[in-house]
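Colleague: Shown below is the structure under consideration.
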Amino acid sequence: MSRLYGDPIEVWIRDDRPAQFVWRDRLYAIRQVQDHWVVAREWWKTSDTDPGERRFWRVEAGATTGVGTYELRFDTASGGWLLLRAWD
């Protein structure tokens with residue numbers, strides 16, 4: 001079962017991919033990237049001249065509480081990261 005969040009997170013990058021992130025004051029080490037995809041933002045729905053793109057990562061990550069699967073999103077226009085979804 002998955003849960004939707006949309007929480008801002010802090011992410012560290014290594015070799016052009018997320019290596020670890022902090023969510024709700026816990027550090028998660030990414031063990032495996034399961035999937036990665038990119039979606040171009042719809043320019044007609046933004047006021048920016050460069051609407052950027054959204055980069056998604058489905059990862060297996062662990063903290064002291066165990067291992068889970070998480071979906072992360074990076075927005076190139078804002079430079080911000082979100083944790084979108086988590087699976088138990």
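Colleague: Anything in segment 34-61 that is basic (Lys, Arg) and either at pLDDT 95 or above or in a strand (DSSP E or B) (or both)? List them, or say none. Even if it seems obvious, please write down each step before you answer.
Modeller: Keep residues of segment 34-61 that are basic (Lys, Arg), which gives 41, 45, 54-55, 58.
Answer for segment 34-61, where residues must be basic (Lys, Arg) and either at pLDDT 95 or above or in a strand (DSSP E or B) (or both): Arg54, Arg55, Arg58.
Colleague: Taking only segment 4-25 into account, find how many residues are at pLDDT below 95 and in a strand (DSSP E or B).
Modeller: Summing the residues that are at pLDDT below 95 and in a strand (DSSP E or B) in segment 4-25 gives 0.
The values are calculated or read from the model by the stated rules, or taken from the named source; none is laboratory data. Computed from a prediction, not measured in an experiment: that's the story for all the values here.
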